[in-house]
Amino acid sequence: MKKEARAKNQESRHNFNVLLSTIFLSFILMLACEKEEGVGGTSTITGKVKVREYNGNFTFKIGEYYAGDQDVYLIYGTDSVYSDKFTTSYDGTYRFEYLREGTYKVFAYSLDSAAYPLDRKMEVMKEITITAKDQVVLVDDIIVLD
């Protein structure tokens, strides 16, 4: 009987030690993992796209307004391609939500007034850094030419 009790006690201690080691290792791995930019956080990047409309050869400005239905792109960290896309609302507003801390680039395409032919596009880009959880970063207007 004593032998059985001793064996059960040793098995219980072994199981407890394995469980404790597993928890400790999981905790260490969790602390060691660095989360990269991207979805999975609680922060938001928001702003507006404004259009400056010119005549055909960009010599006279016709008007200026916020652009509805304009595509805006988001690049996570140092990626070379965009990771997310948002189409602006009627008032030119875009919003990228649920982001982690890190560096991002927001851009939209604009006509290039210095290019020939005049229908060539270029990106207008803003770099943003999210430094805390639950942060809302308001980006200066992205100005595109039309």
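Taking the criterion of being loosely packed, with under 15 Cβ neighbours inside 10 Å and not in a strand (DSSP E or B), the residues of the range 59-79 that qualify are 59, 60, 68, 69, 77, 78, 79.
For residues that are closer than 16 Å to residue 51 by Cβ and not in a loop (DSSP other than H, G, I, E, B), tally how many sit in the range 102-112. Within the range 102-112, residues that are closer than 16 Å to residue 51 by Cβ and not in a loop (DSSP other than H, G, I, E, B) number 5. Screening residue 1 on (1) at pLDDT 95 or above; (2) out of contact with any strand residue (DSSP E or B) (no Cβ under 8 Å at 6 or more places or on another chain) shows it passes everything except condition (1). Of all residues in the range 85-101, those satisfying the criterion of being surrounded by fewer than 18 Cβ atoms within 10 Å (Cβ to Cβ) and assigned to a strand (DSSP E or B) are 85, 87, 93, 95, 97, 98.
Does residue 115 count as among the small types (Gly, Ala, Ser) and part of a loop (DSSP other than H, G, I, E, B)? Criteria met by residue 115.
Listed here are the residues, each with its yes/no results for (1) touching a Ser or Thr at 6+ places or on another chain (Cβ under 9 Å); (2) basic (Lys, Arg); (3) under 14 Å from residue 45 (Cα atoms).
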site	(1), (2), (3)
65	no, no, no
69	yes, no, no
76	yes, no, yes
82	no, no, no
88	no, no, yes
93	yes, no, yes
120	no, yes, no
124	yes, no, no
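Tallying residues that are modelled with pLDDT of 80 or more, surrounded by fewer than 17 Cβ atoms within 10 Å (Cβ to Cβ) and of a type outside the set (D, E, K, R) within the range 22-53 yields 5.
Filtered by the rule that a residue be among the charged types (D, E, K, R) and free of Cβ contacts under 8 Å to residues at least 60 places away in the same chain, the range 59-118 gives 61, 64, 69, 71, 79, 84, 85, 91, 95, 97, 105, 112. Scanning the range 83-130 for residues that are at pLDDT below 95 and either of a type in the set (Val, Ile, Thr) or not assigned by TED's automatic domain parsing to the domain that holds residue 48 (or both) turns up nothing.
Among the residues making up the range 118-146, a single one is closer than 26 Å to residue 54 by Cα, of a type in the set (Val, Ile, Thr) and in a loop (DSSP other than H, G, I, E, B): 139. Evaluation of residue 82 against the conditions (1) assigned to a strand (DSSP E or B); (2) of a type in the set (Phe, Trp, Tyr); (3) farther than 24 Å from residue 55 by Cα shows that the sole unmet condition is (1).
The values are calculated or read from the model by the stated rules, or taken from the named source; none is laboratory data. These numbers were taken from a predicted model, which means no experiment stands behind them. In this analysis, Cβ positions are derived from the backbone assuming ideal geometry, glycine residues included, and neighbour counts consider all displayed protein chains.
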